[in-house]
Structures are given as C-alpha cells and as structure tokens.
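Student: Structure in structure tokens, see below.
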Amino acid sequence: MTESNIKIENIVSSASIGKDIDLKEVSKNLEGVTFNREQFPGLVFKLPDPKTAHLIFSSGKLVCTGAKTIEDSKLAIKRTVDLMRAMDKDISHEFDIKIQNIVASANLGVTLNLEVIALELPNTEYEPEQFPGLVFRLSDPKVVLLLFGSGKVVCTGAKTFDDAKVGVGKTQKELKRLNLM
C-alpha cells in the first residue's frame, strides 16, 4: 500500500483557550453560527476557509472537524480563535492544539470475504445484520480498521498520518499472510 493510496477523509482536533467564553456574545458577533443551548451545550461555527466546523464550549474548549490535512486543521482553529479574540482581547495567543482523530480510507483493490476473515483474523468483530463492515482492532498503532467486502478500508483512531498508513499496511500484510486476499 503506497501513501498515495491512503486518503485522509477527516481530521478532528481540539484546543483550549484557557478562559470561559460568553457563547451568546460569540453567536451574535460571528457569521455561520448555530446556537441553541436547549439542544446542545456549545455552539457550532462553520468556517469557510479552510472549510471546517467547530464546536465551541463556554469552558473555552474548541473541537474542529472537517479538515483534510493536519495543517488545515490547525489553521482553522487558529483562525477561529483569532475571530473570537476580536471580541475578547484577553484570549491568549498561546494555546495547544491536539490532533484527536484522523479518519483515512484506502482501497485494497480486491474483494474480501468478510466471513472467512472474521474466522481467521484475531481481534475482529463482524455482525453483518448490524453493520456491513468487519471491525479489526490493532494495538500498534492503536487504530481501528473497517474492512468492507468491496476491498475498501476505513482507518480511524489514528493520531498521525503515519499511524493510518502503518495500520492499513499491517492489515494488508496480515490478510496476505493468511491468504485472505
């Protein structure tokens, strides 16, 4: 599996700006905000560039989703915090951004017999009545792979692109070793 065969679908990152936020104030002053405290304790802010969605909580925590690169994910959080800082000058310029989850996809290029794989490959769950994919858990790197009969694979739980790449590669190698592809 080459790096070009693995595509990042979504990156989830988070940050904390270290101070409480007045969500009503933010919702009045930012465009692209959805805020209804009865439905959800935070507000949803959609940033057009890079195209991402942010959950902003009154505790000062932010969660960013939708970016396709780590750089865009970090840039999106920085731009969102800059917009909030325009309303509150006391928001620090120093804050940590953590990558929480990278979701990547790949195509193994062959059809997979998930019933046989479930019997032969350890650490799997396969219940086709509930979900059409087979769940395969790796411990190193700590990722979860969803395998589909079409040969498509989704890797989730990665903290780096390398984790996703290694997870897909190990899965492919193990399937070949067991003559399952």
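The values are calculated or read from the model by the stated rules, or taken from the named source; none is laboratory data. All figures in this text were calculated on a predicted structure; none of them were measured in a lab. No Cβ is skipped: glycine too gets one built from the backbone with ideal geometry, and neighbour counts run over all protein chains shown.
Student: Of the conditions (1) in a helix (DSSP H, G or I); (2) modelled with pLDDT of 90 or more; (3) more than 16 Å from His54 (Cβ to Cβ), Ser4 fails just one. Which one is it?
Tutor: Exception for Ser4: condition (2).
Student: A further question follows. With closer than 25 Å to Glu9 by Cβ, among the aromatic types (Phe, Trp, Tyr) and in contact with a His (Cβ under 6 Å, 6 or more places away or on another chain) as the only criterion, which of Phe40, Phe45 stands out?
Tutor: Phe45
Student: Looking at segment 32-145, what strands (runs of 3 or more DSSP E) fall wholly within it and have at least 2 residues that are at pLDDT 95 or above and surrounded by 14 or more Cβ atoms within 10 Å (Cβ to Cβ)?
Tutor: Filter on segment 32-145 gives 43-48, 51-56, 61-67, 97-107, 134-139.
Student: What's the total number of residues in segment 156-178 that are under 16 Å from Gly109 (Cβ atoms) and either touching a helix residue (DSSP H, G or I) at 6+ places or on another chain (Cβ under 9 Å) or of a type in the set (Lys, Arg) (or both)?
Tutor: 4
Student: Also, I was wondering about something else. Consider only pairs whose beta carbons are under 6 Å apart and that are at least six residues apart or on different chains; among these, list those whose first residue lies in segment 153-181 and is in contact (Cβ under 8 Å) with a residue 12 or more places away in the chain and of a type in the set (Lys, Arg) and whose second residue is in a loop (DSSP other than H, G, I, E, B) and crowded, with 18+ Cβ neighbours inside 10 Å.
Tutor: Close Cβ pairs satisfying both conditions: Lys165/Ile6.
Student: Under the condition of being more than 20 Å from Ala67 (Cβ to Cβ) and among the charged types (D, E, K, R), which residue from segment 140-165 is nearest to the chain's Cα centre (by Cα)?
Tutor: By that ranking, first place goes to Lys142.
Student: Please work out if Ser27 is surrounded by 16 or more Cβ atoms within 10 Å (Cβ to Cβ), touching a residue at least 24 places away in the same chain (Cβ under 8 Å) and touching a strand residue (DSSP E or B) at 6+ places or on another chain (Cβ under 8 Å).
Tutor: No, not satisfied.
Student: Condition check: aliphatic (A, V, I, L, M) and farther than 26 Å from Lys7 by Cβ. Does Ile56 satisfy that?
Tutor: yes
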